[in-house]
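Student: Please see the structure below; I have some questions.
Just so you know, all these numbers are worked out from the coordinates, no wet-lab data involved. Here the structure is a predicted model, which means the values were calculated and not measured. Quick reminder, even Gly has a Cβ in these numbers, built from the backbone with ideal geometry, and neighbours come from all protein chains shown.
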Amino acid sequence: MLPADSSQAAISKKRKTSAVIISHDGTIRQFQLTLRGRFGVIFLGSALAIGYLASTAYLVVRDDLIAGKAGRQAHLEYAYEDRISALRRQVDRITSRQMLDQNLVEMRMTQLMERQDILASRSAKIAPLLREFGVTTGSVPLPQARPDRQAMAPSPTQPLIAATELKAPLSLADRADIAFVALQHSLTDMENQQIREIGVVGDKAEAATTLLNAALDEVGVTTDAEPSYAGMGGPFEPVLDDQRDDTFGTMVERLDIALNRYVDVKKTAVSIPLANPLPDQPISSRFGVRKDPILGRRAMHSGLDFSAPRGLPILATADGVVVKAGRNGGYGRMVEIRHADGLSTRYAHMSRVTVKVGQAVQRGMTVGKVGSTGRSTGPHLHYEVRRHGDAINPLRFLKAGETVAELL
């Protein structure tokens, strides 16, 4: 066994405590810390240090998380804004293209409407000529419906482009081209038909002019009109694609020349006594020497006698001016009309005169009625044609007139 003093010293050593002395402003304070107390202080300090470190780490991690989240959010916002900007640019491009297409549609529409107006005007001008020359028109009608701007343009209740569908299957110009193609074909067909019809009218006008000239030549009347076909020539020079003449304009120019000639010759022809004063009535006595019906002796007959019933209308055989109207010796009631080229006609033995001196008459106009006045054996018409007062055979004029009767 240990001595008592040694045992007591050991216990006293184990229970040895530590002292903490704090001096402040002359005041001294002393704290006794046991071993357990020291452990408690160490544990508390460690806990505080760990808590501090943990809170610091938490704050740092939280800031990093917040910053990361904010960065991702900003990236998403930037990406969204970039996408919005790209979509807006795409919408602007498509809208601009549609506006450009709309302008193109308007331009094409205006051109088609102008072309249709021109064709309608041409059709109205050539229609009388076609009827006059008996040209049968084709079956291509002039389009009545015009391009509809409302049908071509987008509906005002719908945007030019939907937000969810930026790619349209067809542009406005493409849709306009599809809508206009039928009208373009119709207008082209109409123009080609008009060119063909004008060509036919031109040919017929030239042929009619030639026929009228031949009839006038037959009765000794000349015109100042140029021949329908004149000599032509010159070296051959092919026309390039960009130098081609307007076909319609060329045809119209040719037609205009042909019609001017035809009108001039026709104007002359209607002033020459080519018509029959009593159509469908038989000739009872011809021009020349014959046996006088009253005296029975040979005598000169200066005209043609037409057998006809009393009161039948007598027609002027050409345009002219009445120079005599009334009784005139053996002619009985007579009308004399002065015509062009020194020609005049006489209508005798009338029962009634329906014109007066100085009156202008037109071809086919009634100048009197068939009768038997003057030196006559019965109702008939004595018809004469004279040039500068000399009697000529009216039969030449009647035969020449028969060949051009449909033209006059």
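Student: State whether the stretch 283-403 is rounded, prolate or oblate according to the following rule on the C-alpha gyration tensor (a ≥ b ≥ c being the square roots of its eigenvalues): a/c under 1.5 gives rounded; otherwise a/b larger than b/c gives prolate, and the remaining case gives oblate.
Tutor: Details: a/c = 1.57, a/b = 1.21, b/c = 1.30.
Because a/c hits 1.5 or more and a/b fails to exceed b/c, the stretch 283-403 counts as oblate.
Student: Fewest Cβ neighbours within 10 Å first, please rank 43, 287 accordingly. Show your work: numbers first, answer last.
Tutor: Details: 43 10, 287 21.
With the sparsest Cβ surroundings first, the list reads 43, 287.
Student: Please rank 78, 262, 347, 331, fewest neighbouring Cβ atoms within 10 Å first, as an exposure proxy. Walk me through the intermediate numbers first.
Tutor: Working: 78 10, 262 27, 347 30, 331 22.
Fewest to most other Cβ atoms nearby, the residues stand as 78, 331, 262, 347.
Student: Expected output is a single nm value to one decimal: the length gained when fully extending between residue 86 and residue 21, i.e. 0.36 nm times separation in residues minus the C-alpha distance. What is it? Don't skip to the end; give the middle numbers.
Tutor: Numbers: separation 65, 0.36 × 65 = 23.40 nm, distance 7.62 nm.
Full extension of this stretch gives 15.8 nm more.
Student: Going by how many other beta carbons lie within 10 Å of each one, how would you line up 373, 210, fewest first?
Tutor: On the way: 373 19, 210 16.
Placing the least packed residue first, the sequence is 210, 373.
Student: May I ask you to order 276-283, 252-259 by the average number of other C-beta atoms within 10 Å around their residues, highest value first? Show your work: numbers first, answer last.
Tutor: Details: 276-283: 15.2, 252-259: 17.0.
The peptides rank, most packed first, as 252-259, 276-283.
Student: From the cross-link list 204/267; 267/399; 266/356; 266/399, which pairs have alpha carbons spaced over 21 Å apart? Present the calculation step by step, with values, prior to reporting the outcome.
Tutor: Values: 204/267 17 Å; 267/399 19 Å; 266/356 26 Å; 266/399 17 Å.
Those over the limit are 266/356.
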